[in-house]
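See below for the structure under consideration.
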Amino acid sequence: MTRHSIDWHTKQDEDYLQLCIDRLSQPPLFWVEQFVTFINEKTADWGDNPRKVNDIGCCTGAFNVGLRELGQCPIDYQGYDISQTYLDIARLHFPKRPFELLDIGQSKPRETDISVMSGTLEHVDEWQSALSHICQTTKRFVLMRTFLGTSFEVGHYSQPGADHSYPIYQFTFQQLHEEAEKHGFSVEMMRDKATDSIAKYLGCGITRTQYVCLLTAKGA
């Protein structure tokens, strides 16, 4: 996941693409519900101005399902993904929302109040640069769903029928705290509603555990 020329869709298969499309006409995903509910509560006293939200690794834009169904505050949304395939689908389903091609490991998104990211950082080889770019452009807080554990792990998964394999990292709690501290953010861990933060075997000898991380800008 290092160049725009490599569409993330080529690392998956047609069944996964159809699953992503189907989710857009279903109730919000569990992680989306968890994130939107948190944003509602965390920003309730921010007034009437729209909350700027960057959706990093937005895929087909499923976060917008949660904003539409559960959102309680005005949102100035911007979606980013490395896959043109996914972005084309997102624009079709959410024509009033802006989406942009971006490799978060290589480039910075716009400045924002809030950044959300699910299932993305663990697939970025330049993950430290990616996290740096997000922290540098986020004024208030980051909600991030990724794989964490007591040991740093990396494996490569090859989806049957896909053109490319992709990395699946697991970061340590210490790594995440240290990287966040470098950029002036504190870190809190929360249980992931979708998986209950129970370890799951993903295939190719890879087992990972998902957590939700809240990175809050100090002084925000």
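Details
- Looking across segment 14-51, just one residue is open to solvent by 60 Å² or more (accessible area, probe 1.4 Å), among the aliphatic types (A, V, I, L, M) and modelled with pLDDT of 95 or more, and that is Ala44.
- Test: Lys139 is in contact with a His (Cβ under 8 Å, 6 or more places away or on another chain) and among the basic types (Lys, Arg): no
- Residue count for segment 188-215, restricted to those that are within 16 Å of the chain's Cα centre (by Cα) and open to solvent by less than 70 Å² (accessible area, probe 1.4 Å): 12
- Ser107 satisfies every condition listed in (1) modelled with pLDDT of 95 or more; (2) within 15 Å of the chain's Cα centre (by Cα); (3) more than 21 Å from Arg23 (Cα to Cα) except (2).
- Within segment 59-88, tally of residues that are surrounded by fewer than 22 Cβ atoms within 10 Å (Cβ to Cβ), closer than 18 Å to Pro109 by Cα and among the charged types (D, E, K, R): 1
- Within segment 29-75, tally of residues that are among the charged types (D, E, K, R), in contact (Cβ under 8 Å) with a residue 12 or more places away in the chain and not in a helix (DSSP H, G or I): 4
- Hey, Glu178 in contact with a strand residue (DSSP E or B) (Cβ under 8 Å, 6 or more places away or on another chain) and over 29 Å from Pro27 (Cβ atoms) or not: no
- Listed by position, the strands (runs of 3 or more DSSP E) inside segment 89-181 whose residues that are open to solvent by 50 Å² or more (accessible area, probe 1.4 Å) and touching a residue at least 24 places away in the same chain (Cβ under 8 Å) number at least 2 are 138-149, 153-157.
The values are calculated or read from the model by the stated rules, or taken from the named source; none is laboratory data. Just so you know, these numbers come straight off a predicted model, no measurement behind them. Using ideal geometry, Cβ is built from the backbone for each residue, glycine included, and neighbour counts are taken over all protein chains shown. Keep in mind that these areas ignore ligands, DNA and RNA; they rest on the heavy atoms of the full protein, side chains included. Shrake-Rupley method; radii C 1.70, N 1.55, O 1.52, S 1.80 Å.
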